[in-house]
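Q: The structure that follows is given in the form of structure tokens.
The values are calculated or read from the model by the stated rules, or taken from the named source; none is laboratory data. This structure is a prediction, so every number in the text was calculated from the model and none was measured. Here the Cβ positions follow ideal geometry from the backbone for every residue, glycine too, while neighbour counts run over all protein chains shown. Accessible surface is based on the protein model in full, side chains and every heavy atom, while ligands, DNA and RNA are left aside. Shrake-Rupley method; radii C 1.70, N 1.55, O 1.52, S 1.80 Å.
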Amino acid sequence: MIGLKLYMLQRLSAMVMAPLVLGHIAVMIYAIQGGLSAAEILGRTKGSIVWALFYGTFALAVSIHAAIGVRVILAETILKNRHALDGLTLAIGAGLAFMGLSAVYAVTAS
Amino acid sequence: MSSAKTMLLVSVWRGTGTQGRYEAFEVPQEDNQTILDVVSWVQQNLDATLSYRFACRVGMCGSCAMMVNGKPRWTCRTHVGKVAENGRIDVAPLRNLPVIKDLATDMDPFFDKWVGAEGHFHPTRTRADPIEAINPESPSRKLADEGIECINCAVCFAACDTVTANSDYLGPAALNRAWTLLNDEKDGDRTGVLDAVSGSGGCHNCHSLGSCAAYCPNELSPITAIAGLKRETARSFFRKGR
Amino acid sequence: MGERFSIERHDTDILILGSGGAGLFATLHAQATARPGTKITLAVKGLIGKCGCTRMVQGGYNVALGGGDSVERHFMDTIQGGKWLPNQDMAWKLCEQAVVRIRELENEIGCFFDRNADGTLHQKAFAGQTADRTVHKGDLTGIEIINRLMEQVLARPVEKLQEHRAIGLIPTRDGSALSGVLFIDMRSGRFRFVRAKAVLMATGGGPTMYKYHTPSGDKTMDGLAMALRAGLTLRDMEMVQFHPTGLLAGDHTRMTGTVLEEGLRGAGGQLLNSRDERFMFDYDRLGERATRDVVSRGIYAEMRKNNTSKNGGVYISMSHLGPDLVRSKFKGMVKRCADSGFDLAAGKVEVVPTAHYFMGGVVVDPDTRTGLEGLYVAGEDAGGAHGSNRLGGNGVANSTVYGGVAGDVMGLDVGSMGSHRDPDPAVLEAEVERAIAPLSKRPGNVQALRKQLQDVMWDHVGVMRTEAGLTRGLKGIAEVSAELAETGVPDGDLAFNLTWHDWLNLKSLCDISEVIAMAGLERENSRGAHYREDFPETGDLERSYFTTARREGGELLVDRAPVEFTIVRPGQSILPEGEPETLLKAAE
Amino acid sequence: MKIHPHRQHPLWLAFFLHRVSGIALALFLPAHFYVLALALTDPSQLDGFLAWTSNPLVKIAEYGLVFLLAVHMFGGLRLLALEFLPWSARQKSLAAASLALAFFLSTTFFLQAV
Ligand SMILES: Cc1cc2nc3c(=O)[nH]c(=O)nc-3n(C[C@H](O)[C@H](O)[C@H](O)COP(=O)(O)OP(=O)(O)OC[C@H]3O[C@@H](n4cnc5c(N)ncnc54)[C@H](O)[C@@H]3O)c2cc1C
Ligand code: HEM
Ligand code: SF4
Ligand code: F3S
Ligand code: FES
């Protein structure tokens, strides 16, 4: 039960994420080669505006994207009430965004 | 004439509304026999109360669609030899529509959605005006032509799991019609059509499952039409913000 | 009669029976013409737009759109095709209004017909025409027309009674006018009586009493049978058009009888007998390309010589044209044949003449009014426009033109009508009794009786007729009728009870079959679709007559009435002096 | 589990994979964020966690995760292409290709990881 606006949000967020996911996986492959440690990860990311932006965008996009995605699945399976759906979408989106941005803050704030 | 007839084991859904069960019948197999012939044979020879629907018997009216061995089909044009599995055939009413009785469904929801998708022509001229000259080879006309030969049989509607899951969803056939209108140079309400397919049950609910195109007996491709609608609505979204 | 057979009552202003080209156009026009607030109800035996024959139209729609062609020429072709029997005022209005209707279909309803490269409508020539006149959408013209009309109707606030079968026209107590129509709501099996100020009957005839027939399964002459019981006069009832190439796939399949398109013969398709010989040249100089009636008779004659195919017909063969060409040019037909197990492109397909269209019908005036106040008739149910033969392409033109006319006329007429008229309770009760009669009889095999009637009609009242044959036919029909009267239907669940409706279908078919045979006896000459082996001549054109039939008391009265040449007399033409006979390039 | 007859075609399977991977990712995401947020409150716990991830079983699970992400992403890109680029018929091959790419990418990741 989505209209044009939610659809556009989900597609746009997906488009934003596609390159970021590729980038993320590339970093992971690279990072993993040396065996990962918290210090190593943080050493790279702490204080980096670029990383903050990279993962910040990712976190926001994925929150929007996943919230709408979960909404659709719920709407098609167990939750037929429109208001409940709207509320839940918002809650999931906000929750994910909060957790995501906290994480980004954690790994990038110096 | 052949000797002893081979018998088909036919299992037919009987009942009204949501209540029902399968009943088994044995029907002699013949050359050139369609599923509609099998169902008719049961009604004419074994159980006079069996209900089903057909009209044209040649794939033009879209009245006779049913689930045959779990797949939606136009029964008047489905040869038994093509679908029987070891001489067994299951016949049930079309999915995603309320059952009136046995194999006959109420197709109103399907047509309500057709209307809901603004699936009718919006004139700009009258019978007093000359007929508009239109290049049959123009890209938009070709797109419209690709989807126009729909017989509203609801096979695609029955095949689509999004229709099952989302009672608001307009469904493949109605959206396919909207797409042909959008490409019809003569139609006078582009915005109306775009709005109609952008609501909470609109084209954006389609997950490109593709069952519609896989089963359409006329080889139409609603999935492609719906992608077209998504594109056009997105374009107008960027242009006008809606 | 008890609760079970109680009658639900319902009122409307304008009631339309049938959703073919005539019914749907009438609905739209009535809505546009009638005062706002007028209640319009569309009642149909199947689903709206999904039953009837307009949807099955393949070839197209005849309309003179200039380029040398003219309404006058279309009219002359129609009169000559009908062998001087048409009601000329009706034929004229048909040709004249077709021009308006095609513009309406394109501009207001949203049909898109095939175009020439320059964007104008593409027109081709069906047999019997002297100009390229037939507008079409590929070979699925009817689907385009009905789908677009159906959408328009569905989108309007019209009351819809689907799967409502009309079973009786109920007059007022004094019989001077129509009160309303009695229905069976097929989904529940209950009776419903709908009073209306104006009723259009557009149930589309349908000669399905023949062993081989093309129309859709819902068409069983209900309308004409109702009109006959209501005392209306029918005309041209001997005129049954056979299409030469119906698919022949055996008795057990509903595909048998359905049309293989005319174009196959036009493109060079050959008709072969059991010895693989082309036989059509034995019967006509033009061979397979002769007109429908001639080819039908040729095939029938060959069948009587027992030179028949496996299932008792003949073969059509296209393969000499090259299977790939056939596959690309006749895609739909090839696919349809393949679905029932035949290879049209590379093999041979069995065919047989098949009853296609019914020229006879209720006597109406060019405004669709009948002898009964409040009753209007249009489309295949109305007689007169085609005379003894309907040109390919004039059928759908007729139903759409006169459906629209009926809508306009009814819309205006109801404005000046007072309140609803009350029904004659005796007739109402008699009609219910008639319908429930089989429910109290011992169940029998209705299908076997239908087959019996179809064989009788095919053998004795079919493509070629004689007095002896027609008389045998009448006896055969009477036997089926008598047996049907004793045959019951299980009276369990009446909801969506197809077997009950099969019984009612057969009843209508028996009633009208009798009229066809009687009218066939009455016409002692051969015109158009009616061929008497004992009277093979056309007869004096100047003294042309049409047959009429009416039921009075229990008796069927068949008579002749002179054709009035209100516009043109035999031997004359209304084309301007010096106009060429045909605008078509001579067919090789 | 028997797949309903009307679902037995490639595009339906592509949809199914996309949905399953989407849900799995959505369920995993909060956990992932939680673990990363540990960096702020308690870096040593994060290290402990990362040590735990060198366990082969966990490696396989991670491989699965990357695989899911890749499946979902390429499935999603396939959809975006279908929806926004005016091409059509080659849907089935696109579906297959996206799966192959996903497989390739995640395997690379896996090989690097072990
Ligand atoms: C296969 C085929 C091909 C044809 N091709 C051509 C062609 O190319 N060109 C051409 O001009 N003509 C063609 N015709 C003829 C043409 O279809 C008819 O002349 C015309 O469509 C009749 O229109 P109608 O509205 O009178 O009836 P129909 O379209 O037949 O509609 C009749 C309606 O009445 C309903 N009805 C019947 N009984 C009852 C009842 N008791 N109560 C309520 N409703 C009832 C039916 O369900 C149906 O909805 C073709 C016919 C067939 C069968
Ligand atoms: C990397 C790029 C991604 C792309 C290109 C992408 C693309 C898409 C698209 C196009 C859809 C719509 C499917 C439909 O409606 O049929 C979708 C649905 C979904 N996505 Fe993503 N996605 C991506 C990443 C993610 C991530 C990281 C998550 C998890 C957190 C996620 C979770 C979901 C969910 C739950 C759905 C709903 C699935 C459904 O409706 O079947 N996606 N994705
Ligand atoms: S799109 Fe195809 S399957 Fe769907 S209603 Fe039209 S003809 Fe039937
Ligand atoms: S099956 Fe349904 S989800 Fe879309 S692609 Fe076809 S309408
Ligand atoms: S009966 Fe008309 S499509 Fe099958």
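Q: Which residue out of A:G23, A:G43, A:G69, A:G56 is at pLDDT below 90, part of a helix (DSSP H, G or I), closer than 20 Å to D:L68 by Cα and of a type in the set (G, A, S)? Full working, then the answer.
A: On the way: A:G43 fails: closer than 20 Å to D:L68 by Cα; A:G69 fails: at pLDDT below 90; A:G56 fails: closer than 20 Å to D:L68 by Cα.
Being at pLDDT below 90, part of a helix (DSSP H, G or I), closer than 20 Å to D:L68 by Cα and of a type in the set (G, A, S) holds for just one of A:G23, A:G43, A:G69, A:G56, which is A:G23.
Q: Restricting to the stretch B:78-102, name every residue that is small (G, A, S) and either within 10 Å of chain C (Cβ to nearest Cβ) or in contact with a Lys or Arg (Cβ under 6 Å, 6 or more places away or on another chain) (or both).
A: B:G81, the sole residue that qualifies.
Q: Can I ask one more? Under 6 Å by Cβ, and 6 or more places apart or on different chains, what pairs join a residue from the stretch B:159-173 that is more than 21 Å from D:P5 (Cβ to Cβ) with one that is basic (K, R) and more than 16 Å from ligand 1 (Cβ to nearest atom)?
A: So the pair list comes out as B:L170/B:K113.
Q: Continuing with the same structure: How many residues are open to solvent by 30 Å² or more (accessible area, probe 1.4 Å) and under 27 Å from the mean Cα position of the chain (by Cα) if we restrict to the stretch B:45-58?
A: 2
Q: Then there's this: Determine whether C:G404 is within 14 Å of chain B (Cβ to nearest Cβ), in contact (Cβ under 8 Å) with a residue 24 or more places away in the chain and more than 16 Å from ligand 3 (Cβ to nearest atom). Step through it out loud before you land on a result.
A: On the way: within 14 Å of chain B (Cβ to nearest Cβ): yes; in contact (Cβ under 8 Å) with a residue 24 or more places away in the chain: yes; more than 16 Å from ligand 3 (Cβ to nearest atom): yes.
Judged against the criteria, C:G404 is a match.
Q: Scan (1) closer than 25 Å to B:G171 by Cα; (2) open to solvent by 60 Å² or more (accessible area, probe 1.4 Å) for the single condition B:R127 breaks and write down its number.
A: (1)
Every residue, every condition in (1) out of contact with any helix residue (DSSP H, G or I) (no Cβ under 9 Å at 6 or more places or on another chain); (2) over 30 Å from C:R190 (Cβ atoms), yes or no:
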{"site": "C:A485", "(1), (2)": "no, no"}
{"site": "C:P490", "(1), (2)": "no, no"}
{"site": "C:F496", "(1), (2)": "yes, no"}
{"site": "C:C510", "(1), (2)": "no, no"}
{"site": "C:V515", "(1), (2)": "no, yes"}
{"site": "C:M518", "(1), (2)": "no, yes"}
{"site": "C:L521", "(1), (2)": "no, yes"}
{"site": "C:H530", "(1), (2)": "no, yes"}
{"site": "C:E533", "(1), (2)": "no, yes"}
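Q: Still on this structure, please answer the following. Which of the residues spanning the stretch C:373-402 are out of contact with any Lys or Arg (no Cβ under 9 Å at 6 or more places or on another chain), outside any loop (DSSP other than H, G, I, E, B) and not charged (D, E, K, R)?
A: Correct list: C:G379, C:A382, C:N394, C:G395, C:V396, C:S399.
Q: Against the conditions (1) touching a Leu at 6+ places or on another chain (Cβ under 7 Å); (2) not in a loop (DSSP other than H, G, I, E, B), where does B:L209 fall short? Just the number, please.
A: B:L209 satisfies all of (1) touching a Leu at 6+ places or on another chain (Cβ under 7 Å); (2) not in a loop (DSSP other than H, G, I, E, B) except (2).
Q: Just one of (1) closer than 20 Å to D:V20 by Cα; (2) within 14 Å of chain B (Cβ to nearest Cβ) trips up A:H83, so point out which.
A: Single failed check for A:H83: (1).
Q: I've got another one for you. From B:G70, B:G62, which residue is within 15 Å of ligand 5 (Cβ to nearest atom) and either within 12 Å of chain D (Cβ to nearest Cβ) or open to solvent by less than 20 Å² (accessible area, probe 1.4 Å) (or both)?
A: That would be B:G62, the only listed residue that is within 15 Å of ligand 5 (Cβ to nearest atom) and either within 12 Å of chain D (Cβ to nearest Cβ) or open to solvent by less than 20 Å² (accessible area, probe 1.4 Å) (or both).
Q: OK, next. Can you name the residue in the stretch C:537-588 that is free of Cβ contacts under 8 Å to residues at least 40 places away in the same chain and part of a strand (DSSP E or B) and is also most open to solvent (accessible area, probe 1.4 Å) among such residues?
A: Once the filter is applied, the top-ranked residue is C:E555.
Q: While we're here: Within 10 Å of chain C (Cβ to nearest Cβ) and open to solvent by 10 Å² or more (accessible area, probe 1.4 Å): is that true of B:E146 in this structure?
A: no
Q: Quick one: is C:V259 surrounded by fewer than 24 Cβ atoms within 10 Å (Cβ to Cβ), under 23 Å from the mean Cα position of the chain (by Cα) and either in the same structural domain as C:G469 (by TED's automatic domain parsing) or among the aliphatic types (A, V, I, L, M) (or both)?
A: Yes: the conditions hold for C:V259.
Q: Can you tell me which of (1) under 30 Å from the mean Cα position of the chain (by Cα); (2) surrounded by 14 or more Cβ atoms within 10 Å (Cβ to Cβ) is the one C:K441 doesn't meet?
A: (1)
Q: Still on this model: Which ranges mark the helices (runs of 4 or more DSSP H) fully within the stretch D:2-114 that have 3 or more residues being modelled with pLDDT of 85 or more and within 14 Å of chain B (Cβ to nearest Cβ)?
A: So the answer is D:10-41, D:56-84.
Q: In addition: Going through the stretch C:45-63 one residue at a time, which ones are more than 7 Å from chain B (Cβ to nearest Cβ) and either open to solvent by 10 Å² or more (accessible area, probe 1.4 Å) or of a type in the set (K, R) (or both)?
A: Hits for the stretch C:45-63 are C:K45, C:G52, C:C53, C:T54, C:V57, C:Q58, C:G59.
Q: Condition check: more than 23 Å from C:T208 (Cα to Cα), of a type in the set (D, E) and either open to solvent by less than 30 Å² (accessible area, probe 1.4 Å) or away from ligand 5 (no atom under 16 Å from the Cβ) (or both). Does C:E429 satisfy that?
A: yes
Q: Here's something else I'd like to know. Test B:T105 against the criterion of being at the interface with chain C (Cβ under 10 Å from one of its Cβ atoms) and farther than 30 Å from C:K331 by Cα, and give yes or no. Steps first, please.
A: Numbers: at the interface with chain C (Cβ under 10 Å from one of its Cβ atoms): no; farther than 30 Å from C:K331 by Cα: yes.
The answer is no for B:T105.
Q: Do we have B:L182 as over 29 Å from A:I73 (Cβ atoms), surrounded by 20 or more Cβ atoms within 10 Å (Cβ to Cβ) and within 14 Å of chain D (Cβ to nearest Cβ) here?
A: Judged against the criteria, B:L182 is a match.
Q: All but one of (1) in a helix (DSSP H, G or I); (2) without any contact (Cβ under 8 Å) to a residue 60 or more places away in the chain; (3) within 14 Å of chain D (Cβ to nearest Cβ) hold for B:L194; state the number of the condition that does not hold.
A: (3)
Q: Considering only the stretch C:233-252, how many residues are of a type outside the set (D, E, K, R) and open to solvent by 10 Å² or more (accessible area, probe 1.4 Å)?
A: Step one: filter the stretch C:233-252 for residues of a type outside the set (D, E, K, R), giving C:233-234, C:237, C:239-250, C:252.
Checking the rest, the ones that are also open to solvent by 10 Å² or more (accessible area, probe 1.4 Å) come to C:233, C:242, C:252.
Going through the stretch C:233-252 one residue at a time, the tally reaches 3.
Q: Something else: Picking from B:A84, B:A65, B:A117, B:A92, which residue would you name as being assigned by TED's automatic domain parsing to the domain that holds B:E149, under 23 Å from B:A214 (Cβ atoms) and of a type in the set (G, A, S)?
A: B:A117
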